[in-house]
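Undergrad: Below is the structure I would like to discuss, written out as structure tokens.
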Amino acid sequence: MNKVCAYPFPRVCYEIFVRSFCDSDGDGIGDLKGITSRLDYLQSLGIEGIWLTPVHPSPSYHKYDVIDYYQVDPEYGTLDDCRDLLAEAHARGIRVYMDLVIHHTSVLHPWFEDAKRNPDSPYRRYYRWMSDSEIAEMGLEIRELTQDAHTVNPWHKVTGDHERFFGIFSREMADLNFDSPEVREEVYRIVDFWRNEMGVDGFRLDAARHIYPIWEDWRNPGFWAEFGREAERLKKNTYLLGEVWADAAHVAPFFRGLTANFNFDLCWKIEEILLTGYHCDLVPWLRHRRALFGEVRADYIDALMLSNHDQQRIGSTLDGDKDKMKLAAAILLTLPGQPYIYYGEELGMLGRKPDPFIREPFLWGDPELETNWKTPRYSHRERVASL
């Protein structure tokens, strides 16, 4: 029986880095069956929504470079495993949101493989290509760095090609060209498949502020307004959560099409308060930012968090101070908005950059459930138990 609550959207959500959460088959890698087996645990925490990091086939451990949008990576299971997870989650009143990485694909995606082999390929238009002279003429050799992308020169050479492809995150990730009607059609087919055929409840939208490159940055909110209309046409009440690493003034226009956006400003403000002890301006500070959101969308959802898979864990930011960690959790869970708990925060898990060490195995206290793809540097069982 489907028991998904009547409340429009979950009140408390939980981010799962799939590879690290729970291993069901003893291979040391987290998987979908593992998540299904721990749904009762999540329900006991009061979780009403879970965000799964990417589950699609990918050459990387994090899966943010997709090679097939219609399958599940064999490391994580099968489409049937995904269906089972969705059914069991819904039976417990838990919605499931999947990470949708449409800003770029892996360079191993068949679209890009064909595009780089053949300049006349129809897939060539799926990506952004320029010659060295065009790049120089437009002054695009070096990009302005953002908090979520640190590639100085985003133009990457393919051997034997007179043009370079654009990829702001890595030469292993090729940015899609959303001026192409074919790309947009592909994206909406993907949304239709996962929303209607598979039954996911919505999407966390990776790199939402970068759909158009920095020299056309103003076009991004307009694209998401179109995306929101199309997603709602495909199925009502599709939850759309934007990853827009920017201040509130830049985030606000994205609410034209998106249900929710992460409040990165607030995340850093909470850190500042707990590290300095200065807090007197939090309420007016937050009211000002939310007024900006409300001008765009009256029913906006402010998605709150303390950390995620791209950021240092809050426990390490606070140097393992148990009282400050509890206070951080209290702020997160009592402010108006939709809080997201990063897996393991409820245990006091620790983690500092580089990325693999903020994505360490969840500590179940049972070796048969725990993943071992990464030897933990910070979140050892004894250390976390002391918290």
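The values are calculated or read from the model by the stated rules, or taken from the named source; none is laboratory data. All figures in this text were calculated on a predicted structure; none of them were measured in a lab. Here the Cβ is made from the backbone with ideal geometry for all residues, glycine too, and neighbour counts use every protein chain on show.
Undergrad: Being of a type in the set (D, E, K, R), at pLDDT 95 or above and under 16 Å from Leu292 (Cβ atoms) is the filter here; which residues of segment 234-262 pass it?
TA: Matches in segment 234-262: Arg256 only.
Undergrad: Does segment 165-182 hold any residues that are crowded, with 19+ Cβ neighbours inside 10 Å and not in a loop (DSSP other than H, G, I, E, B), and which are they?
TA: If the condition is that a residue be crowded, with 19+ Cβ neighbours inside 10 Å and not in a loop (DSSP other than H, G, I, E, B), then Phe165, Phe166, Met173, Ala174, Asp175, Leu176 are the ones that fit.
Undergrad: Still on this structure: Quick check on segment 191-211. Is at least one of its residues acidic (Asp, Glu), closer than 28 Å to Phe9 by Cβ, assigned to a loop (DSSP other than H, G, I, E, B) and modelled with pLDDT of 95 or more?
TA: yes
Undergrad: Something else now. Would you mind finding the one in Leu306, Leu282, Leu275 that is under 28 Å from Arg95 (Cβ atoms) and among the hydrophobic types (A, V, I, L, M, F, W, C)?
TA: Result: Leu306 is the single residue among Leu306, Leu282, Leu275 that is under 28 Å from Arg95 (Cβ atoms) and among the hydrophobic types (A, V, I, L, M, F, W, C).
Undergrad: Within the set of pairs 6 or more residues apart or between chains, which connect a residue that is outside the structural domain of Glu48 (by TED's automatic domain parsing) and closer than 17 Å to Ile35 by Cα inside segment 329-349 to a residue that is among the basic types (Lys, Arg) and not in a helix (DSSP H, G or I) with Cβ atoms less than 6 Å apart?
TA: Listed pairs, sorted by first residue: none to list.
Undergrad: Is there a residue being touching an Asp or Glu at 6+ places or on another chain (Cβ under 7 Å) and surrounded by fewer than 22 Cβ atoms within 10 Å (Cβ to Cβ) anywhere in segment 79-86?
TA: No - not one qualifying residue is present in segment 79-86.
Undergrad: Which of the helices (runs of 4 or more DSSP H) contained wholly in segment 3-122 include at least 1 residues that are aromatic (Phe, Trp, Tyr), more than 30 Å from Phe223 (Cα to Cα) and assigned by TED's automatic domain parsing to the domain that holds Gly242?
TA: It comes to 18-21, 39-44.
Undergrad: Restricting attention to segment 48-69, does a residue exist that is in contact (Cβ under 8 Å) with a residue 60 or more places away in the chain, in contact with a helix residue (DSSP H, G or I) (Cβ under 8 Å, 6 or more places away or on another chain) and either more than 30 Å from Pro110 (Cα to Cα) or among the aliphatic types (A, V, I, L, M) (or both)?
TA: So far as segment 48-69 goes, no, none of its residues is in contact (Cβ under 8 Å) with a residue 60 or more places away in the chain, in contact with a helix residue (DSSP H, G or I) (Cβ under 8 Å, 6 or more places away or on another chain) and either more than 30 Å from Pro110 (Cα to Cα) or among the aliphatic types (A, V, I, L, M) (or both).
Undergrad: Considering each of Val55, Val12, Val18, Val66 in turn, give the residue that is surrounded by 14 or more Cβ atoms within 10 Å (Cβ to Cβ), in contact with a Ser or Thr (Cβ under 6 Å, 6 or more places away or on another chain), closer than 25 Å to Leu363 by Cβ and among the β-branched types (Val, Ile, Thr).
TA: Answer to the selection: Val18.
Undergrad: Here is a further query. Taking the options Ala231, Ala225, name whichever one is out of contact with any Cys (no Cβ under 8 Å at 6 or more places or on another chain) and either at pLDDT below 95 or crowded, with 24+ Cβ neighbours inside 10 Å (or both).
TA: When all the criteria are applied, what remains is Ala231.
Undergrad: Among the residues of segment 353-387, write down those that are modelled with pLDDT of 80 or more and part of a helix (DSSP H, G or I).
TA: Asp355, Pro356, Phe357, Ile358, listed by residue number.
This table checks each residue for (1) surrounded by fewer than 15 Cβ atoms within 10 Å (Cβ to Cβ); (2) closer than 30 Å to Asn237 by Cβ.
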residue	(1), (2)
Tyr97	no, yes
Ser106	no, no
Pro110	yes, no
Glu113	no, no
Asp120	yes, no
Arg124	no, no
Tyr127	no, no
Asp132	yes, no
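Undergrad: Could you tell me whether segment 208-216 includes any residue that is farther than 25 Å from Arg117 by Cα, within 18 Å of the chain's Cα centre (by Cα) and surrounded by fewer than 17 Cβ atoms within 10 Å (Cβ to Cβ)?
TA: No - not one qualifying residue is present in segment 208-216.
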